[in-house]
Amino acid sequence: MSTRVALVTGGTGGIGTAIVRRLAKMGYNVATNYRNEEKTKAWRDKLKGEGIDVLTVKGDVCDPASCEAMVREIEQKIGPIDILVNNAGITRDTTFHKMNYQQWTDVINTNLNACFNVTRQVIDGMRTRKWGRVIQISSINGQKGQYGQANYAAAKAGMHGFTISLAQENARFGITVNTVSPGYIGTDMVMAVPEEVRAKIVAQIPLGRLGEPDEIAYAVAFFLDDKAAWITGANLAINGGHYMGW
Ligand code: CAA
């Protein structure tokens, strides 16, 4: 079997970097997209120092044309994409009565519409080759809702609706589609939550701490294994016991 190619969107972020690092160490050929060239170069150099080579391609997940160009460039440089991790995401937290249209659409575009924009470009190839793995990085807050996150919770819940529909449509082509729903992980995104609010959130986590980015990457790797071939349409919650709904 030739080396499988994985595209991790938003790979330079907190959870994204952990996924890229883990997949690369497992021997996958990993690509990610970027918008800021300078920031990405520093990130790539840091990983290179660890012996990890990542293909970085300019691409805006909110823009369908940009996603098409990005996927074609990856295919041309390292081959067809076997694994897609829809990980790119942003927050624009505010209570709904203060939320403006821009805060709503920015979050829906980056977190949810991006799943269409990127997956649409890779799914035909996976169906033709009869193998694929598509993973959405959703959130605990798509499952339980969150004060100040009507936009984010709507997008993240939508991602799992996307997962379970794609899982049904593509199962007979050897493609599994699953969701990983992280709880509060110690990334810049979570550290941006005001400290006193964050302390209250951590107090609600039975395991008593924030999660580590690699604890999410570990779950992504699990879904990629050939032995995980019968798992599709699942939503794996990894949140320190913060939310145990089913
Ligand atoms: N339940 C009930 N009341 C709450 C509350 C909650 N969970 N959170 C805040 N409030 C209350 C406050 O106590 C305050 O009350 P008073 O006015 O009586 O003092 C009031 O709501 C604040 O309301 P505002 O309208 O002033 O709120 P705001 O528009 O300034 O927004 C906020 C505040 C942005 C929601 C802020 O509380 C916040 O950042 N909360 C955390 C949101 C969060 O968890 N984001 C996750 C980011 S990380 C991530 O998203 C990754 C992931 O997937 C987990």
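Looking for something of a type in the set (A, V, I, L, M), within 17 Å of MET189 (Cβ to Cβ) and either without any contact (Cβ under 8 Å) to a residue 40 or more places away in the chain or surrounded by 17 or more Cβ atoms within 10 Å (Cβ to Cβ) (or both) - is there at least one such residue anywhere in the range 49-58?
Our first condition is that a residue be of a type in the set (A, V, I, L, M); within the range 49-58, this holds for 52, 54-55, 57.
Those left that are additionally within 17 Å of MET189 (Cβ to Cβ): none.
Within the range 49-58, none of the residues are of a type in the set (A, V, I, L, M), within 17 Å of MET189 (Cβ to Cβ) and either without any contact (Cβ under 8 Å) to a residue 40 or more places away in the chain or surrounded by 17 or more Cβ atoms within 10 Å (Cβ to Cβ) (or both).
Among the candidates GLY142, GLY174, GLY186, GLY161, the residue that is under 29 Å from ASP225 (Cα atoms), away from the ligand (no atom under 11 Å from the Cβ), at pLDDT 95 or above and touching a helix residue (DSSP H, G or I) at 6+ places or on another chain (Cβ under 9 Å) is uniquely GLY174. Number of residues in the range 114-169 that are over 14 Å from VAL85 (Cα atoms) and either part of a strand (DSSP E or B) or among the aromatic types (Phe, Trp, Tyr) (or both) equals 3.
None of MET159, MET126 is touching a Gly at 6+ places or on another chain (Cβ under 6 Å), closer than 28 Å to GLY79 by Cβ and crowded, with 19+ Cβ neighbours inside 10 Å except MET126.
Taking ILE164, is it among the β-branched types (Val, Ile, Thr), out of contact with any Leu (no Cβ under 9 Å at 6 or more places or on another chain) and closer than 18 Å to CYS115 by Cα?
Yes; evaluated as a whole, the condition is true for this residue.
So which of VAL5, VAL61 ends up being among the β-branched types (Val, Ile, Thr), touching a residue at least 24 places away in the same chain (Cβ under 8 Å), surrounded by 21 or more Cβ atoms within 10 Å (Cβ to Cβ) and under 22 Å from VAL190 (Cα atoms)? Step by step, each of VAL5, VAL61 is checked, and only VAL61 is among the β-branched types (Val, Ile, Thr), touching a residue at least 24 places away in the same chain (Cβ under 8 Å), surrounded by 21 or more Cβ atoms within 10 Å (Cβ to Cβ) and under 22 Å from VAL190 (Cα atoms).
State which residue is farthest from THR163 (Cα to Cα) when the search covers only the range 190-246 and only residues that are touching a Gly at 6+ places or on another chain (Cβ under 7 Å) and not in a loop (DSSP other than H, G, I, E, B). Applying the filter and picking the extreme gives GLY211.
The values are calculated or read from the model by the stated rules, or taken from the named source; none is laboratory data. Everything numeric here is computed off the predicted structure, so don't read it as measured data. Glycine gets a Cβ as well: all are built from the backbone with ideal geometry, and neighbour counts include every protein chain shown.
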